[in-house]
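Have a look at the structure below before the remarks.
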């Protein structure tokens, strides 16, 4: 099994872990920040058993596809103020978004602002401290998830994507987090971190990776965190 196949499998497992963190609440108002075409946002709404699902996306074509699925989508740059009222949502979700943003503090502040007191955010992002990133560094190569160019993937001949151009600037990784750094960022901005899950463990496949990452989330492929806004 090559790394690209492993990536797709781990991405699938990560989405399952996100859904496991979503609470059932038919009255919940949910927003998916960076919702793309809205397919996964609908799965989140289904898990919560609510139909009150919103989205924010910076790609116009993706916005149109999400709207066609019945999601209330706003065109938005996630580095800037979001076009939503204070304390509007019960749940904020962002999967593989944070690493693409230069204005990470602004993003977390906005997540906090639009959440109702007692509401929660589910955030998932690549792990800088993952085993495969550490292995790359030992060999003197660039970590897989840390990009050095806005145009092309460089610096790691082990990466099957090395030499490939980014499809858009929205795919470039700008800031990659360790588990401790991710927790500290959200705590700094007023959240209580309730859970941190590690998903995937390259180069191990399937069940073996699930077993290892359960006990060693610090070196897993993805970090998936549930953080709650403290009630007033």
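Read the figures in this text as sums done on the coordinates, not as results from a lab. What you see is a predicted model, and the numbers here were worked out from it, not measured in a lab.
To test your reading of the geometry: what angle, between 0 and 90 degrees and rounded to tens, separates the Cα axis of helix 3-21 from the longest principal axis of the chain?
Approximately 30 degrees, to the nearest ten.
Of the residues 110, 57, 87, which exhibits the maximal mean-square fluctuation in a Gaussian network model of the chain defined by a 10 Å Cα contact cut-off?
Looking only at 110, 57, 87, the largest GNM fluctuation is found for 87.
Could you work out how far helix 104-114 tilts from the main Cα principal axis of the chain, as a 0 to 90 degree angle to the nearest 10?
For 104-114 against the chain, the angle is about 30 degrees.
Nearest 5 percent is fine: what portion of the DSSP beta bridges confined to the chain is antiparallel?
About 50 percent, rounded to the nearest 5.
Under the classification rounded if a/c is under 1.5, otherwise prolate if a/b is larger than b/c and oblate if not, where does the range 151-232 fall, given a ≥ b ≥ c as square roots of the Cα gyration tensor eigenvalues?
Oblate, because a/c is 1.5 or more while a/b does not exceed b/c.
Distance from the Cα centre of the range 189-225 to that of the range 91-128, in angstrom?
Spelled out, the Cα-based centre of one part sits 18 Å from the other.
Using a Gaussian network model of the chain whose springs link C-alpha atoms within less than 10 Å, name the residue from 167, 48, 56 with the highest mean-square fluctuation.
With Cα springs under 10 Å in the chain, the top fluctuation among 167, 48, 56 is at 167.
What do you get for the angle between helix 179-188 and the principal long axis of the chain? Use alpha-carbon atoms, 0 to 90 degrees, nearest ten.
30 degrees
Mind telling me which of 92, 199, 138 comes out most flexible in a GNM of the chain, alpha-carbon contacts under 10 Å?
Evaluated over the chain, the most mobile residue of the options is 138.
For a test of the definition: using alpha carbon positions, the gyration tensor, and the 1.5 limit on a/c, classify the range 1-105 as rounded, prolate or oblate.
Oblate, since a/c reaches 1.5 and b/c is not below a/b.
Normalising by the residue count of the range 130-220, find the relative contact order in percent from Cα pairs under 8 Å and 6+ residues apart.
Averaging sequence separation for qualifying contacts and normalising by length gives 23 percent for the range 130-220.
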